[in-house]
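Below is one structure, written out as structure tokens, with a few remarks after it.
The values are calculated or read from the model by the stated rules, or taken from the named source; none is laboratory data. This structure is a prediction, so every number in the text was calculated from the model and none was measured. Note: ideal-geometry Cβ built from the backbone for every residue, glycine included; neighbour counts use all protein chains shown.
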């Protein structure tokens with residue numbers, strides 16, 4: 001579906017010269033890590049088409065349990081969510097999957113809210129549950145970034 005802004009919502013996203021694939025950031029709270037492994041296992045071939053960056057244990061799970069190539073940053077509670085937010089601001093992340101556990105308290109909630117707000121400010125696609133993650137990685141708009149590169 002095309003937006004009112006021309007060729008699509010991601011029309012303004014340009015891949016930087018140092019990469020030839022869109023970069024997808026993936027984060028999952030502890031209560032959602034099993035869901036993430038199931039999602040990533042089912043979608044392994046699709047996810048392998050993207051450059052992946054993830055916070056601490058999430059990256060370890062994607063690498064060790066699913067077999068995906070992943071760049072890992074610091075764990076979320078130690079600043080990883082803010083590192084991802086910084087990359088969004090710099091235009092180094094094209095979309096974010098952040099599987100949030102809404103039923104648990106998180107001591108680093110201000111960092112989480114920063115990342116969510118930055119994605120909205122920068123108009124970066126953000127999925128916060130499995131249903132929206134499925135839609136995001138199935139989107140022809142995100143797919144067009146891969147084809148255009």
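Quick notes on this structure:
- The one condition in (1) modelled with pLDDT of 95 or more; (2) surrounded by fewer than 16 Cβ atoms within 10 Å (Cβ to Cβ); (3) out of contact with any strand residue (DSSP E or B) (no Cβ under 8 Å at 6 or more places or on another chain) that residue 85 fails to fulfil: (2)
- Residue list for the range 58-68, restricted to those being more than 14 Å from residue 35 (Cα to Cα) and surrounded by fewer than 19 Cβ atoms within 10 Å (Cβ to Cβ): 60, 63, 64, 67
- The residue pairs whose first member lies in the range 112-126 and is touching a residue at least 60 places away in the same chain (Cβ under 8 Å) and at negative phi, whose second member is assigned to a loop (DSSP other than H, G, I, E, B) and surrounded by 13 or more Cβ atoms within 10 Å (Cβ to Cβ), and whose beta carbons are closer than 9 Å, counting only pairs six or more residues apart or on different chains, are 125/9; 125/10; 125/94; 125/139.
- Helices (runs of 4 or more DSSP H) completely within the range 69-144 that count 1 or more residues being under 19 Å from residue 38 (Cα atoms): 130-138
- Residue match in the range 137-144 (condition: surrounded by fewer than 16 Cβ atoms within 10 Å (Cβ to Cβ), farther than 22 Å from residue 21 by Cα and modelled with pLDDT under 95): no
- Unique residue being touching a helix residue (DSSP H, G or I) at 6+ places or on another chain (Cβ under 7 Å) and either assigned to a strand (DSSP E or B) or modelled with pLDDT under 95 (or both) when the list is 40, 25: 25
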